[in-house]
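Reading through the structure tokens given below for one structure.
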Amino acid sequence: MPPFSINIVMIVAAVLFVLGLIGVLTRKNIIFMLLSIEIMLNAAGLAFIAAGAKWNQPDGQVMFLFILAMAASEVSVALALVLQIYHQHKTLDVEDLKGLKD
Amino acid sequence: MVITRYHPIHALLYLVVSFLAAAMIFLSLGAPFIAVLEVIIYAGAIMVLFIFVVMMLNLGKNTAAQEKDWLRPGVWVGPSLLALVLLAELVLLLLKGEVLAMNVSVVDPKKVALSLYGEYIIGVELTGFLLMAGIVGAAHVGKHKKKHLHRFLQEEELENMPVGIDENTGSGK
């Protein structure tokens, strides 16, 4: 395996993160926003793994496990909320959810 | 590809491809256990949850057309430019430091497990709490099928309602 630098992996993680950020900022459908948040979490995990591999320590993988558990619980709660929103408002557009606005 | 699709299922499939690619990167970074977990949990469980919800909400061609209507160039150019500025800054910062060659060696799952249950045991317990709270929260939020109104709104609705109906519908408080 050729030795490759950590900068490349970090740049890949940054690109993934920015793609997820663009998704969160531009989409209006709440399911697509959740997907973009998943991409961003994945990018953060990739950065952790790269750092852990750089220093040859297992801490990065441990952090990725925590990110994984956090993403799983976040997705389950968020999808329950999406179902509830769809039942009550019949839409997935985040701009229609102004119920708490004055 | 995920963030430009109009159809939710297509976006989900591209997201699965992205997760598999990330799993391959993990494998080549010397983290085989994490790669397996990525495939199983991300590309398996979380995607099944998403597909379940998309199927349950019955998002079809109407949603795709609506998305196409929403995703005009005027909407996404501004945020994309700002995000690209952020990306340029990140890449610049990453390229400014010296190039550190990494000698990849496999960190086997045994070391991960020892570290996880050794020094990170409090994190494991907190993750257990988080998962428990997630399960309870999802069950609680997803349970109610009725439309719940605030009690003031409910009283308003009762006032506006003709007499005789409110005994059927108004007693759900």
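Every number here is computed from the coordinates shown, using simple stated rules; none is lab data. What you are looking at is a predicted structure, and each value in this text was computed from that prediction instead of being measured. Neighbour counts run over all protein chains shown; Cβ positions are idealised from the backbone, glycine included.
Here are some notes:
- Restricted to Cα atoms, segment A:7-91 shows a radius of gyration and a Dmax of 15.3, 50 angstrom.
- Most fluctuating residue given options A:Ala72, A:Ala50, A:Ala14, as computed from a GNM of chain A linking Cα atoms under 10 Å: A:Ala72
- Helix A:59-89 vs. chain A, principal-axis angle (Cα, 0 to 90°, nearest 10): 10 degrees
- Acute angle (nearest 10 degrees) that the helix A:6-26 long axis makes with the longest principal axis of chain A, alpha-carbon atoms: 10 degrees
- Förster radius 41 Å - calculated FRET efficiency between B:Tyr117 and B:Val85, Cβ distance, rounded to 0.05: 0.45
- Seen against the Cα atoms of chain A and their longest principal axis, helix A:30-55 is set at about 20 degrees.
- Longest site-free stretch - chain A; sites: trypsin sites (Lys or Arg not before Pro), DSSP loop, at most 11 other Cβ within 10 Å: A:1-89
- Rough spin-label spacing in nm, given labels placed 7 Å along Cα→Cβ, for B:Ser28 and A:His87: 4.6 nm
- Cβ-to-Cβ counts within 10 Å put B:Trp76, A:Trp55 in ascending order as A:Trp55, B:Trp76, the fewest first.
- Potential lengthening between B:Ala64 and B:Ile40 on full extension [0.36 nm per residue; Cα-Cα distance subtracted]: 5.8 nm
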